[in-house]
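**Q** Starting off with a structure, shown below.
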Amino acid sequence: MAKKDIDWSSLGFAYQKTDKRFVSNYKDGKWDEGVLTEDSNIVISECAGVLQYAQTVFEGLKAYTTVDGHIVAFRPDLNGERLENSARRLEIPVYPKEKFIDAVVKTIEANADYVPPYGTGATLYVRPFIFGSSAVIGVKPAEEYQFRVFTTPVGPYFKGGAKPITIRVCDYDRAAPHGTGHIKVGLNYAMSLYQIVDAHNQGFDENMYLDAATRTYVEETGGANFLFVTKDGTVVTPKSDSILPSITRRSLMYVAEKYLGLKVEHRPVAFEEVKDFAECGLCGTAAVISPVGKIVDHGKEICFPSGMEEMGEVTKKLYETLTGIQMGKIEAPEGWIKVIK
Ligand code: PLP
Ligand code: COI
């Protein structure tokens with residue numbers, strides 16, 4: 001088997017069909033064993049729960065080629081746990097974490113030729129998801145479900161890679177208190193599409209969402225958590241019950257403290273404080289750490305001292321340490337790296 005003929009370094013964040021995907025169906029109260037298939041199409045009822053009432057949950061993680069040529073995944077157990085939590089909230093039968101990890105490993109293995117080579121800057125994005133596949137017309141959970149894992153090779157989420165982006169404070173809310181902001185469900189993204197299209201039309205790369213109740217605290221963007229650095233080098237990440245608990249953010253906080261010896265705070269962050277931070281970044285599987293150079297709040301600009309050309313100093317160290325761990329250049333904490341082959 002040979003690597004596919006792909007121009008890895010020029011990949012953006014887009015879907016490209018790969019050879020195999022894992023599929024397991026839930027029927028009569030249980031998940032079947034699941035199989036790898038070449039069929040990338042799904043045939044379901046026009047009245048399927050996912051189509052009518054958005055009953056679907058998903059995950060996102062990556063496979064990397066390490067410096068010594070292995071293929072690895074980063075903390076898939078945490079994606080498995082989060083998918084379990086998301087499923088419970090949408091009355092979707094849980095796909096157990098152990099089976100999740102097994103399915104992810106099998107899917108990556110089956111698409112090994114699509115895992116970008118080391119040093120290309122690209123990775124294999126892995127998208128596990130579950131959806132209600134049987135018909136429902138009254139508002140209730142479906143009786144049948146499908147769990148699926150596909151992969152697609154990707155480059156940077158934001159065009160320009162490590163170049164700082166400009167975001168704006170959004171007038172719409174992402175997640176209600178006691179709502180679904182803390183889980184990874186399609187509905188959270190469907191309702192953000194209007195705002196992201198509008199942001200792009202206005203020349204911004206992303207939206208900063210504030211807390212829906214008071215609009216005074218920083219929440220997150222449509223697809224990543226925030227990470228700030230104070231002028232004295234403390235790493236601060238916003239805490240709220242309506243933010244998705246990012247695995248990248250949790251990993252970076254550990255890296256900041258244990259690898260870089262930095263002070264770390266996970267706490268509510270008032271928007272009022274943002275102008276005083278030295279650096280800002282977005283963190284997530286897709287975003288990795290994307291530096292933010294400027295935040296625009298209804299015409300008022302907050303320009304971070306790190307500027308619009310380079311990642312801030314601390315952000316860069318965090319980026320290099322995290323990606324170093326993922327690519328096998330820096331020793332990982334126990335249990336973070338799942339070797340696939
Ligand atoms: N926040 C949102 C809304 C996301 O969609 C994502 C992406 O998964 C993240 C944060 C980052 O989470 P993670 O680091 O687990 O990918
Ligand atoms: C991820 O980072 O895995 C995500 O799901 C974000 C998504 C908006 C692409």
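**Q** List every residue pair whose Cβ atoms sit under 7 Å apart, with the two residues 6 or more apart in sequence or on different chains, where the first one lies in region 267-283 and is aromatic (Phe, Trp, Tyr) and the second, anywhere, is open to solvent by 20 Å² or more (accessible area, probe 1.4 Å).
**A** So the pair list comes out as Phe271/Thr216; Phe271/Tyr217; Phe277/Thr230.
**Q** Please state which one of Ser192, Ser246 is touching a helix residue (DSSP H, G or I) at 6+ places or on another chain (Cβ under 9 Å), modelled with pLDDT of 95 or more, within 14 Å of ligand 1 (Cβ to nearest atom) and among the hydroxyl-bearing types (Ser, Thr, Tyr).
**A** Residue meeting the stated conditions: Ser246.
**Q** Name, by its number, the condition in (1) part of a helix (DSSP H, G or I); (2) out of contact with any helix residue (DSSP H, G or I) (no Cβ under 6 Å at 6 or more places or on another chain); (3) open to solvent by less than 60 Å² (accessible area, probe 1.4 Å); (4) closer than 22 Å to Ile337 by Cα that does not hold for Ala286.
**A** (1)
**Q** Could you check region 42-52 and list, in sequence order, the residues that are among the polar types (S, T, N, Q) and either open to solvent by less than 80 Å² (accessible area, probe 1.4 Å) or more than 28 Å from Gly138 (Cβ to Cβ) (or both)?
**A** The answer is Ser45, and nothing else.
**Q** Show the residue pairs meeting these rules: Cβ distance below 6 Å; 6+ apart or different chains; first residue within region 58-72 and assigned to a strand (DSSP E or B); second residue near ligand 1 (Cβ under 9 Å from one of its atoms).
**A** From residues that are assigned to a strand (DSSP E or B), the pairs are Phe58/Lys184; Leu61/Asn79; Leu61/Thr285; Lys62/Thr285.
**Q** In region 3-37, which residues are open to solvent by 70 Å² or more (accessible area, probe 1.4 Å), assigned to a loop (DSSP other than H, G, I, E, B) and in contact with an Asp or Glu (Cβ under 8 Å, 6 or more places away or on another chain)?
**A** Result: Lys3, single match.
**Q** Something else now. Tell me which residues, restricted to region 192-209, are closer than 19 Å to Asn225 by Cβ, more than 13 Å from ligand 2 (Cβ to nearest atom) and of a type in the set (A, V, I, L, M).
**A** Correct list: Ala199, Met208.
**Q** What are the pairs, 6+ residues apart or on separate chains, where a residue within region 18-31 that is more than 23 Å from Ala110 (Cα to Cα) has its Cβ under 9 Å from a residue that is open to solvent by 50 Å² or more (accessible area, probe 1.4 Å)?
**A** What qualifies is Lys27/Glu143; Lys27/Glu144; Asp28/Glu143; Asp28/Glu144; Gly29/Glu143.
**Q** Now for a separate question. So Lys62 clears everything in (1) more than 24 Å from the chain's Cα centre (by Cα); (2) within 23 Å of Ile340 (Cα to Cα); (3) crowded, with 16+ Cβ neighbours inside 10 Å except one condition, right? Which one?
**A** (1)
**Q** I've got another one for you. Please work out if Arg168 is within 16 Å of ligand 2 (Cβ to nearest atom), touching a Phe, Trp or Tyr at 6+ places or on another chain (Cβ under 8 Å) and of a type in the set (D, E, K, R).
**A** No: the conditions fail for Arg168.
**Q** Filter region 207-242 for residues that are among the aliphatic types (A, V, I, L, M) and more than 10 Å from ligand 1 (Cβ to nearest atom) and give the result.
**A** Scanning region 207-242 gives Met208, Leu210, Ala212, Ala213, Val218, Leu227, Val229, Val235, Val236.
The values are calculated or read from the model by the stated rules, or taken from the named source; none is laboratory data. Nothing here was measured: the structure is a model prediction, and the numbers come from that model. Cβ: placed from backbone, ideal geometry, glycine included. Neighbour counts: every protein chain shown. To get the accessible areas, we keep the full protein, side chains included, count just its heavy atoms, and leave off ligands, DNA and RNA. Shrake-Rupley method; radii C 1.70, N 1.55, O 1.52, S 1.80 Å.
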